[in-house]
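J.: This is the structure, below, for whatever I ask next.
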Amino acid sequence: MKTKSKNRYNKDSPRIAIIGSGVCGLGIGWRLSQLGYRVDVFESEKIGKGATWAAAGMLAAGVECEPGEEKLLELTTKSQRMWPNFLKDIEKSTNINPHYRDEGTLVIAFNNDELSKLRFNYKFQSRLGIELEWLDKEEVRTLEPHLNSKTLDAVFSKNDHQVDNRFLLLALADAFKNSGGRIHEKHKVKSIKIEKERVKGIVIDSEFHKADIVLLAAGAHSSSIDGLPDSIIPPVRPVKGQMLALQMDINRPLIKHVIWTPNSYLVPRNDGRLIIGATIEESGFNSDITAGALYSLLESAWRTLPTIEELPVVETWCGFRPTSRDDAPILGPTEIEGLVLATGHHRNGILLAPLTADTISEYISTGNIPPEIEDYNIDRFLN
Ligand SMILES: Cc1cc2nc3c(=O)[nH]c(=O)nc-3n(C[C@H](O)[C@H](O)[C@H](O)COP(=O)(O)OP(=O)(O)OC[C@H]3O[C@@H](n4cnc5c(N)ncnc54)[C@H](O)[C@@H]3O)c2cc1C
């Protein structure tokens with residue numbers, strides 16, 4: 001058993017209230033409680049039912065980078081490089097293993113159209129310094145023999161790894177509690193109390209909880225908490241993603257790498273589950289699982305791996321990416337003293353977990369904004 005440190009915090013240190021127990025809230029909370037702060041995380045549901053639970057866990061700074069995201073790449077690559085040490089620290093703080101896997105990611109093509117797109121992305125991403133390898137169809141089949149025999153060339157990204165986001169969430173929650181943090185489930189924060197441009201605490205139902213620092217990390221719900229002046233309501237909306245999981249034979253998984261196809265991605269887990277995702281939908285918080293979404297995901301996965309035909313579907317679900325107006329995260333202080341934001345991570349929140357946790361906890365503990373996040377403040381939306 002790992003040692004539990006109790007009451008490490010100094011009575012005079014500021015009281016920190018975090019809204020949301022996703023990867024942002026728990027990651028930052030854990031780092032702050034390690035530093036000796038008194039931290040309370042408030043969660044409207046049970047822990048881990050937000051986007052962090054719903055995600056695929058890909059740490060894909062490389063192959064996910066699209067034109068227009070050159071600047072964001074600096075942030076995502078930095079965080080990607082932080083993952084190994086982040087994991088070592090998690091390992092020291094909990095016995096829960098987040099199942100990090102480092103086989104890398106393959107992006108495949110089936111026809112000439114898809115091959116042209118693959119070649120374009122390969123050139124674009126390589127020019128940005130992303131380490132990629134072009135593989136011909138024989139090399140691809142050697143790496144993944146179960147792929148459809150019509151698979152043409154592919155791009156291999158050796159640095160785009162994956163983690164099991166659901167285990168990560170459990171690990172972070174345990175690490176946070178082991179370092180003295182407290183989680184309050186079923187505590188929906190209604191509003192943030194502000195007086196004279198300074199945060200005073202949060203209101204849950206009609207109960208007031210005093211806090212010197214409030215961290216807003218409520219994922220796709222971050223814009224719906226009362227009490228904030230208009231200028232600092234984070235411009236974050238839900239972008240729905242539907243997914244499903246098939247069960248492979250755990251001793252004979254069909255693939256080892258994360259596979260990207262033009263219309264879906266396939267992520268093999270240690271327990272034999274094959275995660276297939278994901279749609280990108282602008283439909284608010286509508287949580288219906290639709291026939292059309294399942295059909296298109298399954299059709300794309302079946303085209304990639306025809307032998308999935310006999311596999312049982314073990315789960316379908318959806319989640320809501322917290323998406324900001326420019327698809328980049330919103331990180332750091334606000335014009336209200338003591339109010340800090342960590343939200344808007346869109347499709348990169350798991351990848352950005354180490355960077356988010358370390359930079360925001362550094363800001364809260366030192367008052368200095370780490371240079372990596374200087375350009376990701378909410379002020380960028382003022383105009
Ligand atoms: C289908 C899908 C696939 C994805 N795949 C990937 C991927 O492969 N790689 C990757 O890096 N990212 C991926 N993402 C994105 C990633 O999941 C998110 O960016 C990340 O989880 C956001 O974390 P968070 O802590 O900000 O939000 P969340 O995990 O949503 O946590 C916010 C928490 O706040 C709680 N909350 C909300 N309102 C309140 C309130 N008023 N009071 C108290 N608590 C409240 C919620 O219940 C929730 O638990 C995916 C997302 C989806 C939906």
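Only the coordinates and a few stated rules stand behind these numbers; no lab work does. Model, not experiment: these values are computed from the prediction. Ideal geometry is used to build each Cβ from the backbone, glycine not excepted, and the neighbour counts take in all protein chains shown.
J.: Calculate, axis by axis, the spread of Cα positions in segment 217-301 along the three principal axes, and write the results as whole Å, longest axis first.
T.: 55, 27, 21
J.: Per DSSP H run of n ≥ 4, the term is -39500 (n - 2.57); total these for the chain, divide by its residue number, and report the mean residue ellipticity at 222 nm rounded to 500 deg cm²/dmol.
T.: That calculation yields -8500 deg cm²/dmol at 222 nm.
J.: List, in order, the whole-Hz ³J(HN,Hα) value for each residue of segment 252-260 obtained from phi through the Karplus relation with A = 6.51, B = -1.76, C = 1.60 and θ = phi - 60°; use x for Gly and Pro.
T.: Each residue of segment 252-260 in turn: 9, x, 6, 9, 10, 8, 6, 10, 9 Hz.
J.: So what is the orientation-averaged projected area of the chain, using the convex hull of its C-alpha atoms, in nm²? Walk me through the intermediate numbers first.
T.: Values: hull surface 77.0 nm².
Orientation-averaged projected area of the Cα hull: 19.3 nm².
J.: Please give me the summed charge of the neighbours of Ser287: other residues whose Cβ is under 13 Å from its Cβ, Lys and Arg +1, Asp and Glu -1.
T.: In short, -1.
J.: Further question: Among residues other than Asp375 whose Cβ falls under 12 Å from its Cβ, what is the net charge (Lys/Arg +1, Asp/Glu -1)?
T.: Around Asp375, the surrounding residues sum to -3.
J.: Can you tally the net charge around Ile183? Count Lys and Arg as +1, Asp and Glu as -1, for every other residue whose Cβ sits under 11 Å from the Cβ of Ile183.
T.: Here the count lands on 0.
J.: So, one more: Once you keep just the Cα pairs under 8 angstrom separated by 6 or more residues, what percentage relative contact order results for segment 209-309?
T.: After rounding, I find 26 percent.
J.: Still on this structure, I have one more. With +1 on the Cβ of every Lys and Arg and -1 on the Cβ of every Asp and Glu, and nothing else charged, how large is the dipole of the chain about its Cα centre, in debye rounded to the nearest 20?
T.: Charge dipole, the chain, about its Cα centre: 1260 debye, nearest 20.
J.: Let me ask you something else. I need the trypsin sites (Lys or Arg not before Pro) found in segment 19-64, filtered to DSSP loop residues with at most 14 other beta carbons within 10 Å of theirs.
T.: Hits after loop and neighbour filter: Lys46.
J.: State to the nearest 20 debye the size of the charge dipole of segment 186-303 about its Cα centre, where the only charges are +1 on K and R beta carbons and -1 on D and E beta carbons.
T.: Working: 15 positive and 13 negative charges, 67 e Å.
Computed charge dipole of segment 186-303: roughly 320 debye.
J.: Separate question: Give the distance, in whole Å, between the Cα centre of segment 273-347 and the Cα centre of segment 195-261.
T.: Centre-to-centre (Cα) distance: 13 Å.
J.: Going toward the positive end of the dipole of the chain, with +1 on Lys and Arg Cβ and -1 on Asp and Glu Cβ, which of Val340, Val236, Trp317 do you reach last?
T.: Value: Val340.
J.: If R0 is 25 Å, what FRET efficiency do you get for Lys188 and Ile280 from their C-beta distance, rounded to 0.05?
T.: Details: r = 27 Å, r/R0 = 1.10.
After rounding, the FRET efficiency stands at 0.35.
J.: Right, next: Spelling out what I want: for every residue of segment 168-185, take phi, set θ = phi - 60°, compute 6.51 cos²θ - 1.76 cosθ + 1.60 (Karplus), and round to whole Hz; glycine and proline get x.
T.: 4, 4, 5, 5, 5, 5, 5, 4, 4, 5, 5, 9, x, x, 10, 10, 10, 7
J.: A further question follows. Taking +1 at the Cβ of each Lys and Arg and -1 at the Cβ of each Asp and Glu, which of Trp30, Gly20, Gly68 sits farthest along the dipole of segment 18-72 towards its positive end, judged by Cα position relative to the Cα centre?
T.: Trp30
J.: I've got another one for you. About the Cα centre, and with charges only on the beta carbon of Lys, Arg (+1) and Asp, Glu (-1), how big is the dipole of segment 273-348? Nearest 20 debye, please.
T.: In debye, rounded to 20, segment 273-348 gives about 160.
J.: Can you find, among Thr359, Ile308, Ile330, the residue sitting farthest towards the positive end of the charge dipole of segment 306-374, where Lys and Arg contribute +1 and Asp and Glu -1 at Cβ?
T.: Toward the positive end, the furthest listed residue is Ile330.
J.: Based only on other Cβ atoms within 10 Å, what is the fewest-to-most ordering of Glu310, Glu133, Glu43, Glu282?
T.: Glu310, Glu282, Glu133, Glu43
J.: In addition: Given a cut-off of under 8 Å on Cα pairs at least six residues apart, what relative contact order in percent is computed for segment 49-198? Don't skip to the end; give the middle numbers.
T.: On the way: 173 pairs, mean separation 55.9, N = 150.
The value is 37 percent.
J.: So which trypsin sites (Lys or Arg not before Pro) in segment 273-379 pass both tests, a DSSP loop state and at most 14 other Cβ atoms within 10 Å of the Cβ? If you can, show how the numbers build up before the last one.
T.: Details: sites: Arg273, Arg303, Arg325, Arg347; in loops: Arg325.
Answer in residue order: Arg325.
J.: Using the Karplus equation 6.51 cos²θ - 1.76 cosθ + 1.60 (θ = phi - 60°), what ³J(HN,Hα) coupling, rounded to whole Hz, does each residue of segment 318-334 give in order, writing x for Gly and Pro?
T.: Couplings: 9, x, 10, 5, x, 10, 8, 5, 10, 6, 10, x, 10, 9, x, x, 10 Hz.
J.: Counting alpha carbon pairs within less than 8 Å and at least 6 residues apart, what relative contact order, in whole percent, applies to the chain?
T.: Here the relative contact order equals 23 percent.
J.: Only bridges whose two residues both fall in the chain count here: according to DSSP, what percent of them are antiparallel, nearest 5?
T.: 70 percent
J.: Test of understanding: ordering Arg198, Arg252, Arg269 by Cβ neighbours within 10 Å, fewest first, what list do you get? Show your work: numbers first, answer last.
T.: Details: Arg198 12, Arg252 8, Arg269 21.
By the 10 Å Cβ count, ascending, the order reads Arg252, Arg198, Arg269.
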